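Pasting a structure here, questions to come.
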Amino acid sequence: DAKTTQPNSMESNEEEPVHLPCNHSTISGTDYIHWYRQLPSQGPEYVIHGLTSNVNNRMASLAIAEDRKSSTLILHRATLRDAAVYYCILNNDMRFGAGTRLTVKP
Amino acid sequence: DTEVTQTPKHLVMGMTNKKSLKCEQHMGHRAMYWYKQKAKKPPELMFVYSYEKLSINESVPSRFSPECPNSSLLNLHLHALQPEDSALYLCASSQVFTGAGGGTEAFFGQGTRLTVV
């Protein structure tokens, strides 16, 4: 079984921030937290990853709890193209949980 | 080149056929993965190869036979499949499977859509 749990679905309005949570309570010290997203009819694509510190890239930000048992993917201004299923996984596991289906409303 | 290339994109096969799916990467990655994905479900890990050796087999039926002939190539041989095996088969690669090098992202191919008739 996957070592991560996420809400099944979330909704956002276009151009508003979105916070996608992930729980990984059994994370080990060497696990990196990775986020991927999958658009319809495509393979998953990398979004961001981190180990302990918060991370930013052009796509998103990743906030990691101090105890590392949870993390939050932040999309600063959601666009219609961000509608996808978002998955967080641990690199030493590579098993996908159910993910969060993000719907973005215009 | 940051691509994982999967061929064919689509495959229709009968239950008595033998076919193979191919996955190729030229990023120097030493970990490669096969996933199976049914509609509206997450990718389901099947196999992990690490340094060309099978590291994980998620109790996959023997009608699926993986092969990693070299560090750039991963095959999935199919034989005597059932209609319920119809799915999108995804290949992925990453620098390494476990350890400190796991701080780099995995790259996924676009998948092979398999239909078993």
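Between their Cα atoms, which of A:3/B:19; A:3/B:18; A:105/B:40 are more than 29 Å away from each other? Walk me through the intermediate numbers first.
Details: A:3/B:19 33 Å; A:3/B:18 35 Å; A:105/B:40 20 Å.
The answer is A:3/B:19; A:3/B:18.
Let me ask something additional. Taking all pairs of distinct Cα atoms, average 1/r, flip it, and tell me the Kirkwood hydrodynamic radius of region B:44-90 in Å to one decimal place.
Radius from the Kirkwood sum: 11.6 Å.
What's the long-distance tail for region A:5-106, i.e. % of Cα pairs beyond 21 Å? Mind showing how you got there, number by number?
On the way: 1380 of 5151 pairs.
Beyond 21 Å sits 27 percent of the P(r) for region A:5-106.
Here is a further query. Sort by residue number and name the cysteines in the protein assembly as shown that have no neighbouring cysteine Cβ under 4.7 Å.
So far as the 4.7 Å Cβ criterion goes, B:68 stand without a partner in the protein assembly as shown.
Separate question: Per residue, how many Å² of accessible area does region B:2-73 show with a 1.4 Å probe?
On the way: 4050 Å² over 72 residues.
Roughly 56 Å² per residue, with all protein chains present.
A further question follows. If I model region A:39-88 as equal point scatterers sitting on the Cα atoms and use the Debye formula, what is log10 I(q)/I(0) at q = 0.16, 0.20, 0.29 Å⁻¹?
-0.50, -0.74, -1.22
Please give the residues from region B:79-98 for which the solvent-accessible area of heavy atoms, probe 1.4 Å, is smaller by at least 40 Å² with all protein chains in place than with the chain isolated.
Buried-area filter returns B:97.
Quick check: Cα centre of region A:27-106 to Cα centre of region B:13-63, how many Å?
Cα centroid to Cα centroid, the span is 23 Å.
Determine the principal axes of the Cα atoms in region B:1-97, then give the extent along each, sorted from largest to smallest and rounded to whole angstroms.
Ordered largest first, region B:1-97 gives principal extents of 35, 27, 26 Å.
Rank by packing, highest mean first: peptides B:104-117, B:5-18, A:71-84, with packing defined as the count of other Cβ atoms within 10 Å averaged across residues.
Working: B:104-117: 19.3, B:5-18: 13.2, A:71-84: 16.9.
Ranked from most to least packed, the peptides come out as B:104-117, A:71-84, B:5-18.
Averaging sequence separations of C-alpha pairs under 8 Å and six or more residues apart, then dividing by the length of chain B, give the relative contact order as a whole percent. Mind showing how you got there, number by number?
Values: 294 pairs, mean separation 42.5, N = 117.
Computed over chain B, the figure is 36 percent.
Enumerate the residues in region A:72-87 having an amide nitrogen under 14 Å from the point lying 7 Å beyond the Cα of residue A:16 toward its Cβ.
Those under the cut-off are A:75-80.
With the convex hull built on the Cα atoms of the protein assembly as shown, state its orientation-averaged projected area in nm². Spell out each step's value before the answer.
On the way: hull surface 47.8 nm².
Quarter of the Cα hull surface area: 11.9 nm².
The values are calculated or read from the model by the stated rules, or taken from the named source; none is laboratory data. Predicted model, so just to flag it, every value in this text is computed and none were measured. Every residue, glycine among them, receives a Cβ derived from its backbone with ideal geometry; neighbour counts consider all protein chains shown. When the accessible area is computed, the model is the full protein with side chains, heavy atoms only, and any ligands, DNA or RNA have been set aside. Shrake-Rupley method; radii C 1.70, N 1.55, O 1.52, S 1.80 Å.
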